[in-house]
Amino acid sequence: MYRRIVVALDGSELGEHVLPSVEALAEHFGSLVILLRVTSVAGLSADALDADRREADHYLTDLYHRLTAKGLQVHYQRLEGSPTELIAEHARTLGADLIALTSHGRAGVRGARFGHVAEAMILTAPCSLLIVRADTTPAGSR
């Protein structure tokens, strides 16, 4: 049913709250999990952009190793641009069956990026969505 699952991550612990659900689905359906980190580059200096790229690559590599150690088939990719556009576009290109992400449950300018992204994905996703609301419990300790 879910052959390809795109997991949209923002690099935060709260963003990882979707992972236990994704792991269960991937294990059950034998899915390919595609970890996706989209970062905005607008207004960043060259040094800040390089640092952001290194951090994102390190983050994705760590998650890749953590999930493959559990026997899951995982790929990852870092993209730069608008998360709301690139997540949907990437899922469409990959023929994803599911986009999974966390909503931080906060709204407004001070809210986390993925509150806005989750809302936008409802309108633009080319496939089914799994939106897990994060709470303050650390990922993996529930």
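The values are calculated or read from the model by the stated rules, or taken from the named source; none is laboratory data. Quick caveat, the model's predicted, so the values are computed rather than measured. Please note: Cβ atoms are built from the backbone with ideal geometry, for glycine as well, and neighbour counts cover all protein chains shown. For the accessible areas, the whole protein counts, side chains as well, though only heavy atoms, and no ligand, DNA or RNA atoms are used. Shrake-Rupley method; radii C 1.70, N 1.55, O 1.52, S 1.80 Å.
The residues of the stretch 77-93 that are within 16 Å of Leu32 (Cβ to Cβ) and crowded, with 20+ Cβ neighbours inside 10 Å amount to a single one, Ala91. Scanning the stretch 63-101 for residues being at pLDDT 95 or above, farther than 17 Å from Tyr2 by Cβ and assigned to a loop (DSSP other than H, G, I, E, B) gives a total of 1. Taking the criterion of being closer than 18 Å to Val132 by Cα and open to solvent by less than 60 Å² (accessible area, probe 1.4 Å), would at least one residue in the stretch 39-50 satisfy it? Among the residues of the stretch 39-50, not one is closer than 18 Å to Val132 by Cα and open to solvent by less than 60 Å² (accessible area, probe 1.4 Å), which makes the answer no. Which residues, counting only those in the stretch 1-17, are among the hydroxyl-bearing types (Ser, Thr, Tyr) and either outside any loop (DSSP other than H, G, I, E, B) or within 13 Å of Leu98 (Cβ to Cβ) (or both)? Listed by number, the list holds a single entry, Tyr2. The residues of the stretch 18-38 that are closer than 19 Å to His90 by Cβ and either under 11 Å from the mean Cα position of the chain (by Cα) or part of a helix (DSSP H, G or I) (or both), listed by number, are Val18, Leu19, Val22, Leu25, Ala26, Val33, Ile34, Leu35, Leu36, Arg37, Val38.
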